[in-house]
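Please read the structure below before turning to the comments.
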Amino acid sequence: MRRRLRARILSLVAVLVLIAAAGWSWRQQQAQLAAQHLLAITPQTITHITLQLSGMVAQRFRKRGGVWWQQVTPPRRADSAQLDALTQIAAAPVLRWLPAHAVRADHLGLTPPLAVLWLNGTRLAFGGLAPLAPERYVQVADGRVALISARYSPYLGTANTQAAAHAGTP
């Protein structure tokens, strides 16, 4: 009887250790995934968008009651599908981070940027494409530059072409 009880207790302890290890591993993976997104905010929490395309007037949008409104006088209902696509940029997977001190913004098409997007007040400046891959340079508020897939470019109204000032390397 004591052997069975001891075996059951050891089995229970082993199962608890495995569950704890799996939970720890899952949390580590989630933390790594969060660090690989462009912004820490989720697309669902975004309620304010400002989009400034190069040489154009900034467009401001606000989400109220699940509906996007363009902030003009009087407010107009906006295309929710396009604005929801813009919010997805916050969760864009970062392919690589470049440190702020190692970046020459003018070489990456970030001076001036092709487009500036504010998501809930967080600034993203979009530059040119990387020379050998369909990847776009994006500067975040702290000065770091991320490389993200150029597939997010159509949402900004920018073509998947190189910026005129882009020299190709950081």
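The values are calculated or read from the model by the stated rules, or taken from the named source; none is laboratory data. Remember, predicted model here, so these are calculated numbers, not experimental data. We place every Cβ from the backbone using ideal geometry, glycine too, and count neighbours over all the protein chains shown.
Under 24 Å from Gly143 (Cα atoms), exposed (fewer than 14 other Cβ atoms within 10 Å of the Cβ) and among the charged types (D, E, K, R): does that describe Arg77?
Numbers: under 24 Å from Gly143 (Cα atoms): no; exposed (fewer than 14 other Cβ atoms within 10 Å of the Cβ): yes; among the charged types (D, E, K, R): yes.
Criteria not met by Arg77.
Considering only residues that are polar (S, T, N, Q) and exposed (fewer than 15 other Cβ atoms within 10 Å of the Cβ), which ones fall in the range 121-156?
Ser149
For Arg123, state whether it is among the basic types (Lys, Arg) and over 18 Å from Pro43 (Cβ atoms).
Working: among the basic types (Lys, Arg): yes; over 18 Å from Pro43 (Cβ atoms): no.
Here the answer is no, as Arg123 does not meet what is asked.
Counting only residues that are small (Gly, Ala, Ser) and more than 12 Å from Leu119 (Cα to Cα), which one in the range 38-60 is surrounded by the most Cβ atoms within 10 Å (Cβ to Cβ)? So that I can check it myself, show each step before the final result.
First pass over the range 38-60, keeping only residues small (Gly, Ala, Ser): 40, 54-55, 58.
This time we only want the ones that are more than 12 Å from Leu119 (Cα to Cα), so: 54-55, 58.
Numbers: Ser54: 13, Gly55: 7, Ala58: 11.
This residue is Ser54.
Among the residues of the range 81-92, are any at pLDDT 90 or above, of a type in the set (Val, Ile, Thr) and in contact with a Pro (Cβ under 7 Å, 6 or more places away or on another chain)?
First pass over the range 81-92, keeping only residues at pLDDT 90 or above: 81-92.
Next cut, of a type in the set (Val, Ile, Thr) only: 87, 89.
If we keep only those that are in contact with a Pro (Cβ under 7 Å, 6 or more places away or on another chain) as well, we get 87.
Yes: one or more hits.
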